[in-house]
1. For the range 43-54, state whether one or more residues are among the polar types (S, T, N, Q), at positive phi and over 14 Å from the mean Cα position of the chain (by Cα).
2. Which pairs turn up if I take residues in the range 63-80 that are more than 11 Å from LEU100 (Cα to Cα) and look for partners that are among the charged types (D, E, K, R) with beta carbon separation below 7 Å, at least 6 apart in sequence or on another chain?
3. If the Cβ limit is 7 Å and pairs must be 6+ apart or interchain, which residue in the range 26-40 that is under 24 Å from PRO95 (Cα atoms) pairs with which residue that is among the hydroxyl-bearing types (Ser, Thr, Tyr)?
4. Being closer than 14 Å to ASN2 by Cα, open to solvent by less than 50 Å² (accessible area, probe 1.4 Å) and part of a loop (DSSP other than H, G, I, E, B) is the filter here, so list the residues in the range 37-55 that pass it.
5. Can you tell me which residue within the range 93-134, out of those that are touching a residue at least 40 places away in the same chain (Cβ under 8 Å) and touching a Lys or Arg at 6+ places or on another chain (Cβ under 9 Å), is farthest from ASN25 (Cα to Cα)?
6. For the subset of the range 68-102 comprising residues that are polar (S, T, N, Q) and in a helix (DSSP H, G or I), which member is most open to solvent (accessible area, probe 1.4 Å)?
7. Give the number of residues within the range 103-146 that are among the small types (Gly, Ala, Ser), surrounded by fewer than 20 Cβ atoms within 10 Å (Cβ to Cβ) and assigned to a helix (DSSP H, G or I).
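The values are calculated or read from the model by the stated rules, or taken from the named source; none is laboratory data. Quantities reported herein were computed from a predicted structural model and do not represent experimental measurements. Counting neighbours? That spans all protein chains shown, and the Cβs are built from the backbone with ideal geometry, glycine included. For accessibility, only protein heavy atoms count, side chains too; no ligands or nucleic acids. Shrake-Rupley method; radii C 1.70, N 1.55, O 1.52, S 1.80 Å.
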Amino acid sequence: MNIQNLTNNISNLGKNVSFPNAYRNYCMFNEKRTEAIVKEGEMALPYLNSFIQNAQTEEELLDALHVLDRMLDRGVKGIDKMYPTLSKYNNAISPNIQVLLAGIYRKTLVPDAFGPLNKMFIRQTFMPNSPYFDPTEEIGGAIMEYLKSQSNINKAHLNLTK
């Protein structure tokens, strides 16, 4: 794909996003566009980073986060370096944003995201705001992945010091 096609696909993020509803407990995205961006791998990251920094709507942000999540599934490197941009949305009250951020943080294990994940979890526990799904499932799963990772580090350290 050439740069023009990549930037066109990224600039169209947010169009045709469908939110969860009474019949579907997840967002829907334009998967053809998602796949076209994901195929570009690391080359797309600076453009996505800029798009996320300037996202004006929840739909735009969700679509970009969805692309990053799919990139992580494909093993694209460098997404962890986007934490300063992603952290701008750590206090978002949208359960949709929280779930996608939690999924990304679960896969990147950026140390600075652990505290915000706990804050999201507590917020959703005491003030749930999604009638269609339970965000604490994904957020809690991300927290558990951090704890599991830390436990593995501690075990490795103990084995090295014996």
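1. Restricting attention to the range 43-54, the residues satisfying the condition of being among the polar types (S, T, N, Q) are 49-50, 53-54.
From the residues that got through so far, the ones that are at positive phi too are none.
Within the range 43-54, not a single residue is among the polar types (S, T, N, Q), at positive phi and over 14 Å from the mean Cα position of the chain (by Cα).
2. LEU72/LYS107; VAL76/GLU42; LYS77/GLU42; GLY78/GLU42
3. Taking only residues 6 or more apart or on different chains, the pairs are CYS27/SER18; MET28/SER18.
4. GLU40
5. It comes out as GLN98.
6. Looking only at the range 68-102, we keep the residues that are polar (S, T, N, Q), and these are 85, 87, 90-91, 94, 96, 98.
Of the ones still in play, those that are also in a helix (DSSP H, G or I) are 85, 87, 96, 98.
Values: THR85: 13, SER87: 39, ASN96: 21, GLN98: 2 Å².
Once the filter is applied, the top-ranked residue is SER87.
7. Within the range 103-146, the first condition is being among the small types (Gly, Ala, Ser), and the residues that meet it are 103, 113, 115, 130, 140-142.
Now restrict to residues that are surrounded by fewer than 20 Cβ atoms within 10 Å (Cβ to Cβ): 115, 130, 140-141.
Narrowing the set further to residues that are assigned to a helix (DSSP H, G or I) leaves 115, 140-141.
Total meeting the criteria: 3.
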